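Just below is one structure, and these are the notes that go with it.
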Amino acid sequence: MVQTGTEPKATRQTTKGALDAPAKEPQLRVDLAYSAATKALPHRIPAMREFFAGLSSRAEVDIKKSPIEHELLVLLLLLHDRLHKEGAASLRELIQRAEQRGTVSADEFREAVRDAKVQAIDDSVWRAKLSDPANPGQLCSELMLDYLGGGSQARIPGATIAESGFMAAITEAVAADYDDRLKHMQGLWQRSAQQQGTKGSLGYAEFESVVHSEEPNLAAPMLRTLFLNAVELSRGCSQLNGDPCLPVGTLQPVLNVPDEYGGEVVTFPFFAKAALKCGLFLKDYSGAEVSAAGDKAGPGAKLGFASSSSINGNRRGAPAAARSTAPKSGATKK
């Protein structure tokens, strides 16, 4: 017997419920997310510190009202993961000492965290929470055992991060690393702009001199491409007041305003974004040991992207001495 007509009500409700149910975003355990990030990010303090901050702020704790702060909780979960994989010998030794009612100093704990390959963790994440008030500079043995001793992993709630949150934390870490890489270059740029009497923009000759001071082996074609990309970004800017409309850019320099742009106005933020657009200075994005932020980089450190909250500039074309190699004005097409 063949039935015709609409399907049964129960079936329609089941189908409707399945279609209307929101798709749950994929989740990663924080320890797995951290392990993945260490393979993708440069092992430098600015990148790893920013990633840990982004991971902690976006972590979703299994228990809604956990008494442990997010940053400390994420650190504890990472340390438990290292203990489980037997990759934290120094930390295991400190836990055994705490079980025997021995003293554990803050300096020893800091070194144990580094030995466990949990990188660039600021003392403010754990020191105030684990310190012994009666003994400055020492950690409380009871708290150490509560958080890291036997059976503590079952007492600590788990935490995950959404896939989109993980990618956002990675992006913030890369941006923070590039900001740090560009500090020395930015100082050279500012000194050159002051010598030229501009508000922050450089003509091609000065641009070439500054970039070669940092990267003397950069080829002339790549240097011209970098300058043209910076000019293109400058000409693509618009400032609008009132109702929104399509940005159209300008081939003429816009001067004497808070954010100067257009023409051949090339400021440091435009250079930084052009370098990223050209894919330059990314050669060391591979497994490397943690190095101090900036102070060990010095001249010749690889560069990257720096965020720009303000854009200053003044129009300066390439001087006559540099015109043989400088890009021609108006060569960039918008």
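Things worth noting here:
- Inside the range 124-141, residues that are loosely packed, with under 13 Cβ neighbours inside 10 Å and without any contact (Cβ under 8 Å) to a residue 24 or more places away in the chain make up a count of 5.
- Listed by first and then second residue, the pairs with beta-carbon distance under 8 Å, at least 6 apart or on different chains, first residue in the range 241-252 and within 15 Å of residue 230 (Cα to Cα) and in a loop (DSSP other than H, G, I, E, B), second modelled with pLDDT under 75 and not aliphatic (A, V, I, L, M), are 249/334; 251/330; 251/334.
- Boolean, residue 238 is among the hydroxyl-bearing types (Ser, Thr, Tyr) and either out of contact with any Gly (no Cβ under 8 Å at 6 or more places or on another chain) or in a helix (DSSP H, G or I) (or both): no
- Members of the range 94-113 that are out of contact with any strand residue (DSSP E or B) (no Cβ under 8 Å at 6 or more places or on another chain), within 15 Å of residue 149 (Cα to Cα) and surrounded by fewer than 20 Cβ atoms within 10 Å (Cβ to Cβ): 96, 99, 100, 101, 102
- Subset of the range 22-34 [under 21 Å from residue 85 (Cα atoms) and either touching a residue at least 40 places away in the same chain (Cβ under 8 Å) or within 14 Å of the chain's Cα centre (by Cα) (or both)]: 28, 29, 30, 31, 33, 34
- The listed residue being buried (at least 22 other Cβ atoms within 10 Å of the Cβ) and not assigned by TED's automatic domain parsing to the domain that holds residue 50, out of 219, 205, 175, 193: 193
- As for the range 40-55, it holds no residue that is at pLDDT below 95, of a type outside the set (Phe, Trp, Tyr), surrounded by fewer than 22 Cβ atoms within 10 Å (Cβ to Cβ) and touching a His at 6+ places or on another chain (Cβ under 8 Å).
- Residue 198 meets each of the listed conditions (1) under 25 Å from residue 44 (Cβ atoms); (2) in contact (Cβ under 8 Å) with a residue 60 or more places away in the chain apart from (1).
The values are calculated or read from the model by the stated rules, or taken from the named source; none is laboratory data. Quantities reported herein were computed from a predicted structural model and do not represent experimental measurements. Positions of Cβ are backbone-derived with ideal geometry, glycine not excepted, and every protein chain shown enters the neighbour counts.
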